[in-house]
Structure formats: structure tokens, C-alpha cells
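What follows is one structure encoded as C-alpha cells, with my remarks underneath.
The values are calculated or read from the model by the stated rules, or taken from the named source; none is laboratory data. All values reported here derive from a predicted model rather than from experimental measurement. Here Cβ is always computed from backbone atoms with ideal geometry, including for glycine, and neighbour counts include all displayed protein chains. Side chains are part of the model used for accessible areas, which takes the heavy atoms of the whole protein and leaves out ligands, DNA and RNA. Shrake-Rupley method; radii C 1.70, N 1.55, O 1.52, S 1.80 Å.
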There are 2 protein chains.
Amino acid sequence: MSSMAAMPNTHQQPPDADLSTVWLRAFLEVSRYGSFTVAARALGWTQSAVSRQISSLEAELGGAPLFDRLPRGVRLTEAGRVLVPYAESVVEALRGAGRELAALREGTGGRLRFGAFATADAALVPHALAAFHARSPGVRVTREEGFTPALLERLTAGHLDLAVVSTTGHAPLEAYTLHHLLDESLYVAVPAAHPLAGHPGPVRLGRLADAEWISGGTRPEGTLLDAALRAGFRPRVAHVVGEWTAKQGYVAAGLGVALVPALAATAVRPDVALLPVLDDGAPARAVYAATVRGRALTRAEEGFVAALREAASAVPRPMA
Amino acid sequence: MSSMAAMPNTHQQPPDADLSTVWLRAFLEVSRYGSFTVAARALGWTQSAVSRQISSLEAELGGAPLFDRLPRGVRLTEAGRVLVPYAESVVEALRGAGRELAALREGTGGRLRFGAFATADAALVPHALAAFHARSPGVRVTREEGFTPALLERLTAGHLDLAVVSTTGHAPLEAYTLHHLLDESLYVAVPAAHPLAGHPGPVRLGRLADAEWISGGTRPEGTLLDAALRAGFRPRVAHVVGEWTAKQGYVAAGLGVALVPALAATAVRPDVALLPVLDDGAPARAVYAATVRGRALTRAEEGFVAALREAASAVPRPMA
DNA sequence: GCTAGACATTCGCTTGTCGCATCCCTGCGG
DNA sequence: CCGCAGGGATGCGACAAGCGAATGTCTAGC
């Protein structure tokens, strides 16, 4: 008694429901078959439904008939002939929209604009990008580089869909959804001959309070050396060097020590030792993938976050 | 009490009703204004209507939201951004269809394919065409030439919209709507020196039973000389000449006499006399504008038939 | 003249959609 | 700190659009 074949007088829901503007399908099918009855069968409707659809369409179009009613079937009038290409272009557009939206929904299409801070580009982002692109080749990914506050602003303004940020910048993060990627431990780079080089386990930053520092900026606030302030001393910056490779050179030459975020610490020259820093206060700075709050993530965004997470756990740590 | 400003709780009918796919207009207005409420005001709807339109549209599209709901208004999601150009192209197509159909409806656009038999092209059709083109310059008119039976066949097959035909061909005319243009009287062309040249009033065809005839074909059946058969004699065809100008030369040279349909008798050389033929049987052959039966005439067709009628009454008759 | 095919129309009935009122959430200002 | 205002979501009652089924009407063909 359940699955009878007839199922009369019930609305069968549209199986594809591709924005189906009913009259459009009716019109095109009728124009294809030259018959209301045949078109109705093809559409799974009744003949009366088709008749009324066409009828009301004609009425809406100013009363001009679209079909000549012949004894056997119908034939397009001039007005109908005019309408056909437009109807087809509408169907084309709707079908195209459906296709692209489906691709977007399944993460196999669309656009993904993301930004990342510079050190994330050392290993995390390239790995994630490679994995994501291999999995979702149809997504057009664009990348921007910038500091966390700037990235967050562009996120809010709608110029970015996702940003890889860190908590360094003291920026207010309440307006964003944060997808935790990793807790980035800090390392201090010292010359291989440094007394602490052989030290087992993490070192307390306070033990380097008297050292000369190589840093990206003169003032520690807002940079990595912020951690030194938290450790209770104001570091003396001996040299301002931005690039990590260059920093290594300064450190190796014994001109000072430098703080290195874990993400940048992939390759170290043998005459430099990396010591994990014991951060007893707040945990080491965290790295997040941020999206604007309240927005649902697209499949592409989800996939990219997943790729970032995988990359985060696969990024080699200098000292296990 | 009549024209209150509010008019609440009543369906206001769409003023343009341009195939309005409701969700489309809602979506585009919302995407333009970034607000359901403002879009609703612009559309003359309530906010709840817009909200539900967008909501069901999103549901139909697989559940992907098209807008991010922000505390103040909304903003397009990636999915919405993808949909916009498609929606615009659909609106474009619908608007274009509306424009072209309106032009068609008012006779200022569209296509008109007609055919006419050769002698109608002497004066009737050119006059009508000129008048019609002056009145409806937007209509693309194409012309074919052919004999009545062939024209009617092409009409039935849908290759022509209208045909200027005559009753000569004994073709079955029941399948067509005939718009009477004129009753074409016959003339007989004789040399100016012919004994009948000065005859007052119409002549009976039988008086030329012994004459030599100039005709378009050897056998009278199906041609103008059919009239001779109806008059009770079989004309002797002395020369076969198709073109009216050439016929005139043969007649002027005294090589015979020729039948001339009124439509072809616009210009006669002075050494040829045209005598109206008294046709006592069926009235002289009629000329019609034929359309397929059951089809409603477009405005352009109506206009063209009117132009043909005017031309028919304006065509100069050799002898009033 | 009768039959078959095809579109139009009528009749209940379901269902979608609207307006209205209200609720909920967020951000702002006193 | 709390109320207020702006803006979207939702429940409710009602109306109209649209459907299926059955019937009417017209034409062609035998």
C-alpha cells in the first residue's frame, strides 16, 4: 500500500529544483515537442497544467499568443519564435549558476582570498597551499601578505575571506572566528659557542636579560621581544635585522642573540643553536586562521583550514 | 474614502509584470542595497516577504546562504557574489524579451515573411511595401516570388507568414484566411489599329475566338487564357512571350492579341489599346492576402494587409 | 457521422506566499 | 549598566495561485 505507481493528486517535489521558473520549462518543452500533451508527459505534469502555464504566460506577455493551436498540436507564432532564444539564454544562465554554485558548495570551485603574516609563509602556508590545491584544484586562491592587524582590517572590510594571524599584535580578536592552528613556541638563537648552547631543556628568558639582542625593530613592544618584557626585563637591541637568514649571520658572528618563532625555525646553520624558551606566563603565542564572525565557512574555506591544521602538525620542529 | 495612501493587506498587482521571477528581483535589490528592509521598500513589499524570498532561494540552492546577516544589514557571501552576474544576465534576457515582444506587439519590430505572384509585384506590392515600411520601419520584411500554389505551400509549411495570391490556380483555399484585396478585371491588348480598338465599353471574349494569341504558355489551362476556355473557345497561341513589355511589342506589331491582368496594366504604349473584358461567368479573378487559417495576425501582418488594401485601391486602372 | 486526438475549461482542494504582529539579536548612547 | 533602536526571523491567519481529475470542444480522418 505504500509505493503505488499512480500517486495521484499529490505534488511531486521538483527533483532538481534548479531555480525552476515553471513557465520557462513549460514553454521550452512545448516549443521543442510542438505539443502540450507530449510536453506535459516529458515534464511529468498533466496537460492542463501545461495549458494553463502557457496561457497565463501569454496573458502576462500582453495577450499575444505564443503558439498557434492547430488541430494536431501547436506551432510557435512569431512572438513565440522571438521568445525562444531569450528563454534559452535564461535557462543557460540558471543552469550555469546552478553548476557554479554546486561547485562552490562542494569546494571544487569558487574563490578563496586569504592573507598570512610573513613567517607563516616560511613553511606553514606553502605546505597547506600545496595540499589544498592538490585536493581542490578548481578553487582560485589568491594570497596577500601583511601584519596581523592589517590582515584583520582587510578581513572586516570584506577584501579577504580568511587570514592566518597570530596573537602578537594585541589586536581585538572578538569580531572574528578563530580556528586554532598551533601554539607557537619561541626559540632563542645563540651562537653555537654560547654557554647556554648545551643547556638541556627549555631556558628561562630571564637568563638572557643582559644579552645583546638582534631584533626586527628598536623597540620590543609589538614584536617578538614583547616576551622579554613579559619576562621582566627590557632587552638591549644591538642590531636591527629583519630577515631571519641575516639574523642567523649576526647571531653566528657572536653579535647577539635573537628570538625566533617556531614557524621560522625550519633550517638552522650549524654554528647557531636554537634553545626553546620556557614561557611561564601566557602560553606561547598562538596562530589562528581567522574568519569574520557570524559568517558560515564555505567548503573551500573549511578545506583550507583543514589543510592549514595538517600543515601545522606536520611542520618540523627544531627540537622535538 | 477611495484613494487612501496606505492600501494595506491587498495584493498590488505587478505594474509591469515583466515575467517577474520574484526571487530574482528580491535577490538583486537586496544585493544592491545590502539590506532586506531597504530592498523591501524599493520593491513595495514588506520586509518579511523579502526575508522569506531570500530564505527559500537559499534553501533551493542547497542551503548555502547568499548573504551574511550582519547586525546592520546584510552582505553577499561568496555564493551570493557568484550568483549576481547570472541573475543579472537573466534579468537582462527577460528585459530584452519584453522589449522585443512589445515591439512585436505594436508592430514596430519583428519579422514579416511574405510572398507574392509576379504581376502583383508590378505595382501593388511595391506601393504597399513603401507605405508599410514608412509606417513600421522596425519590421524586417523579406519577400519571395512564386506562383500561387507554391506560395500557399510555403505558407502551410510555415516558411511564409503571408502570401499575395490570386484565385487563378484552382488551389484549395479552405485552409487559409483570405483577406480580399481587389477583384482583378482582365484586359485584352490589341493593336491600336485593331477593329475593336475603338469599341466602347467591355468586349465579350468570344469576339476574339479567331484571333492569334500571345501568351505566357502554349496551353491555356492554368494561365490567364483559362478565361478563353470559360468563354467557350480554345485560343490559338501564336507566340509564347512571358514578359508584359515584350508582349506589348508583339501586340503592337500586329502578331496577335494578349490578355493582361489589371495589375500589370499600369503603363501601355500608345500603339496598343487595352479593352476591358466582360466576364459574364465568375467575377474576374480575385487577389487576396492569404494567411494560414486559425492563426492570429500580428500587428505587423495587419499593418501589411492594410497597406496592401490601400495600395489596391490606389493602383491606377487603365480605364476607369 | 462517428471516433480519436489534442487543447480549453471547470471544479474542488492543496499549497505557497503575503501582510501583520512579534520576537530575537546586536550595537549604541545616556 | 541598562534600555533603546535598527534590522532580520518567525508564527499566524488569510487569500490566491496552481494542481489533478474530469469534462467540453474542435478538427481530421475513415
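Computed values, structure above
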{"read-out": "Strands (runs of 3 or more DSSP E) wholly inside segment B:155-209 that include at least 2 residues being open to solvent by 30 Å² or more (accessible area, probe 1.4 Å) and at pLDDT 85 or above", "value": "B:176-183"}
{"read-out": "Count of segment A:95-126 residues which are more than 27 Å from A:ALA265 (Cα to Cα) and in contact (Cβ under 8 Å) with a residue 24 or more places away in the chain", "value": "13"}
{"read-out": "Selection count, segment B:67-96, where residues are at the interface with another protein chain (Cβ under 9 Å from one of its Cβ atoms) and within 16 Å of DNA strand C (Cβ to nearest atom)", "value": "5"}
{"read-out": "Tally, over segment B:48-66, of residues that are more than 10 Å from every other protein chain (Cβ to nearest Cβ) and among the charged types (D, E, K, R)", "value": "2"}
{"read-out": "Flag for B:THR266 being open to solvent by 50 Å² or more (accessible area, probe 1.4 Å) and within 33 Å of the chain's Cα centre (by Cα)", "value": "yes"}
{"read-out": "Any hit, segment A:178-190, residues being closer than 30 Å to B:LEU70 by Cα, under 36 Å from the mean Cα position of the chain (by Cα) and of a type outside the set (A, V, I, L, M, F, W, C)", "value": "yes"}
{"read-out": "Residue match in segment A:39-62 (condition: modelled with pLDDT under 90 and more than 16 Å from DNA strand D (Cβ to nearest atom))", "value": "yes"}
{"read-out": "Options A:HIS194, A:HIS159: the member that is outside the structural domain of A:ALA273 (by TED's automatic domain parsing) and of a type outside the set (S, T, N, Q)", "value": "A:HIS159"}
{"read-out": "Any hit, segment B:214-237, residues being modelled with pLDDT of 85 or more, under 15 Å from B:ALA273 (Cα atoms) and open to solvent by less than 40 Å² (accessible area, probe 1.4 Å)", "value": "yes"}
{"read-out": "Condition broken by B:PRO220, with the remaining ones in (1) within 31 Å of the chain's Cα centre (by Cα); (2) closer than 20 Å to B:GLU243 by Cβ satisfied", "value": "(1)"}
{"read-out": "Residue match in segment A:19-37 (condition: under 30 Å from A:VAL141 (Cα atoms), at pLDDT below 90 and within 13 Å of DNA strand C (Cβ to nearest atom))", "value": "yes"}
{"read-out": "Set B:GLU100, B:GLU78: member being touching a Gly at 6+ places or on another chain (Cβ under 7 Å) and under 30 Å from B:VAL292 (Cα atoms)", "value": "B:GLU100"}
{"read-out": "Test for A:ARG72: is it of a type in the set (Lys, Arg) and at pLDDT 90 or above", "value": "no"}
{"read-out": "Filter result (open to solvent by 40 Å² or more (accessible area, probe 1.4 Å) and either outside any helix (DSSP H, G or I) or in contact (Cβ under 8 Å) with a residue 40 or more places away in the chain (or both)) within segment A:127-154", "value": "A:HIS127, A:LEU129, A:ARG135, A:PRO137, A:ARG140, A:VAL141, A:THR142, A:ARG143, A:GLU144, A:GLU145, A:PHE147"}
